[in-house]
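Here is the structure we will look at, set down as structure tokens.
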């Protein structure tokens, strides 16, 4: 423990600096998620502290990040919709999904998956990160111009008939559940319907309007109306925030420009008594566990989001371990990937219980920590404690921050999170795919598919589809390359190997020798299937030399079985020479050996095989 306090001064300064950087981002990500600024702050507090305490990267600073927040938005908006737009009712189910994501992360670490995360293809990550930036920018345009669709009566009005219909459906559903809905007596239904007020209908209509305008597509549809109803004060506050963030960076990077913008613009707006929109109120006092996560747990509600929870855990793992690599390069140390995943999982699990949004290792905050002197896990813990102290001491003050300021901060985050390196590389990437007259790059296709699907459809499915396409293209490419280097084609001219030069000329018409060089797998199986058709009619025996075939997959296995069955029908005898361990194991599993090729027809060397053939012919 002494070694952790040896760098206490540097850790203290690094933790404080990282905490200051994290404050405006945590508030902004909380607002963006839909759960409010307090959820972002709670996530930053608990993830930073516990991920540092239990993690495997000494200088890592963790908390809510742009990618994790973007995926969290999908979960939050979807579950809120199931609970008639009530965040309070939906909160236990939302936090259950976040809790599950944390547990998945712990499981990934315990299973040792950390070392494999680096194999996720770069085009998938690039397309996803660029999509995150686009999503954040588009969804923050309306808050930036001060337009909120659910507060626009003209926009909400068309939703009122549907709102009445949904309210009546809910009444009928409740009565059916209570066992009082019968055709002969609608008195209770009529009584409850009469109690529906204009206010209730209006609230439901606002919920529907907000849902319709949510997400990228919803925001794009609502933008024309938003531009007709710009709140110029909110827009000016947003633009000033963005301007300060970018201009202050040119003056100095010692003080975080996001914090400077937050303090200056909020101070001006509050000090001059401007009529601006504030963020949601941040509860005062120490965060309290939300035990409804356990008492109100319903598997039926979160079951559609299990894959999303797994995606959150994988995304957090990628985000964290990439940051760990950056930290390693800066500090000349080596992180422990699986321990880091366990630490991140514990942090996310505890944050979910206290109502925080999920997070991961944050690159900018980690770099700031290291540059400020942070060297041990104490720096991350101090960062979390600092944020807790700010919450306890300044919660009511923070509640006066303009919503437009956080919109401005998020827009700059969206701009910075996009993968410009990957975008700039598009023209120079090799075009390895032909579609008619067009030549395209497979990596560009993957990146653009993930980008488009993530932005306009579904983040979670986009990543899955991107991984599948990348895997298929990789297998096709490797198959083609290996197939070129291999020689299993039955159409190729067989060139005698060195030990075949003295093969008896009297047997050449009766014996056909097939050389296999390279793996027999899905990329070469179709060529090998033609072997039976290429054997001369005079051949009664086929020698298949397998000494240079170290690997056989299932496709190759069944191709071999099909060829052997075809040769058996033609009454052609098959002999194997020098069968390697893995192909032999595969053929024994489905009884190719000994059903189609008996053990006595398998030889260690070609000379042994020739001696056996001679003996058979002499009998």
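Could you check the range 399-451 and list, in sequence order, the residues that are more than 26 Å from residue 322 (Cβ to Cβ), touching a residue at least 12 places away in the same chain (Cβ under 8 Å) and either outside any helix (DSSP H, G or I) or touching a strand residue (DSSP E or B) at 6+ places or on another chain (Cβ under 7 Å) (or both)? If the condition is that a residue be more than 26 Å from residue 322 (Cβ to Cβ), touching a residue at least 12 places away in the same chain (Cβ under 8 Å) and either outside any helix (DSSP H, G or I) or touching a strand residue (DSSP E or B) at 6+ places or on another chain (Cβ under 7 Å) (or both), then 399, 400, 401, 402, 403, 432, 433 are the ones that fit.
Restricting attention to the range 457-473, report how many residues are surrounded by fewer than 18 Cβ atoms within 10 Å (Cβ to Cβ) and in contact with a helix residue (DSSP H, G or I) (Cβ under 9 Å, 6 or more places away or on another chain).
Applying the first criterion (surrounded by fewer than 18 Cβ atoms within 10 Å (Cβ to Cβ)) to the range 457-473 yields 457-458, 461, 464, 467-468, 471-472.
Among the residues that remain, those that are also in contact with a helix residue (DSSP H, G or I) (Cβ under 9 Å, 6 or more places away or on another chain) are: 457-458, 461, 464, 467.
Summing the residues that are surrounded by fewer than 18 Cβ atoms within 10 Å (Cβ to Cβ) and in contact with a helix residue (DSSP H, G or I) (Cβ under 9 Å, 6 or more places away or on another chain) in the range 457-473 gives 5.
When you check residue 574 against the structure, is it assigned to a loop (DSSP other than H, G, I, E, B), in the same structural domain as residue 517 (by TED's automatic domain parsing), touching a residue at least 24 places away in the same chain (Cβ under 8 Å) and under 25 Å from residue 500 (Cα atoms), yes or no? In short, no. Would it be correct to say that residue 102 is farther than 30 Å from residue 228 by Cβ, surrounded by fewer than 16 Cβ atoms within 10 Å (Cβ to Cβ) and at pLDDT 85 or above? No. Quick check: is even one residue across the range 198-213 in contact with a helix residue (DSSP H, G or I) (Cβ under 7 Å, 6 or more places away or on another chain), assigned to a loop (DSSP other than H, G, I, E, B) and either under 25 Å from residue 86 (Cβ atoms) or without any contact (Cβ under 8 Å) to a residue 40 or more places away in the chain (or both)? Within the range 198-213 (the criterion being in contact with a helix residue (DSSP H, G or I) (Cβ under 7 Å, 6 or more places away or on another chain), assigned to a loop (DSSP other than H, G, I, E, B) and either under 25 Å from residue 86 (Cβ atoms) or without any contact (Cβ under 8 Å) to a residue 40 or more places away in the chain (or both)), the answer is yes, since at least one residue qualifies. Filtering the range 275-303 to residues that are farther than 21 Å from residue 355 by Cβ, in contact (Cβ under 8 Å) with a residue 12 or more places away in the chain and surrounded by fewer than 13 Cβ atoms within 10 Å (Cβ to Cβ) leaves only 275.
Answer with yes or no whether residue 454 is in contact with a helix residue (DSSP H, G or I) (Cβ under 9 Å, 6 or more places away or on another chain), assigned to a helix (DSSP H, G or I) and at pLDDT below 80.
no
For the range 120-141, indicate whether the set of residues that are farther than 22 Å from residue 420 by Cβ and part of a helix (DSSP H, G or I) is non-empty. Even if it seems obvious, please write down each step before you answer.
Step one: list which residues in the range 120-141 are farther than 22 Å from residue 420 by Cβ, which gives none.
For the range 120-141, residues farther than 22 Å from residue 420 by Cβ and part of a helix (DSSP H, G or I): absent.
The range 288-344 holds helices (runs of 4 or more DSSP H) entirely within its bounds, and those carrying 1 or more residues that are touching a strand residue (DSSP E or B) at 6+ places or on another chain (Cβ under 6 Å) map to 306-331.
Scanning the range 51-65 for residues that are surrounded by 24 or more Cβ atoms within 10 Å (Cβ to Cβ) and assigned to a helix (DSSP H, G or I) returns 51, 52. So is residue 606 in contact with a strand residue (DSSP E or B) (Cβ under 6 Å, 6 or more places away or on another chain) and without any contact (Cβ under 8 Å) to a residue 60 or more places away in the chain or not? No: the conditions fail for residue 606.
When the range 243-254 is filtered for residues that are surrounded by fewer than 18 Cβ atoms within 10 Å (Cβ to Cβ) and either in contact (Cβ under 8 Å) with a residue 24 or more places away in the chain or part of a helix (DSSP H, G or I) (or both), the ones remaining, listed by number, are 243, 246, 247, 249, 250, 251.
The values are calculated or read from the model by the stated rules, or taken from the named source; none is laboratory data. Small disclaimer: the values here were computed from a predicted structure and weren't measured. Using ideal geometry, Cβ is built from the backbone for each residue, glycine included, and neighbour counts are taken over all protein chains shown.
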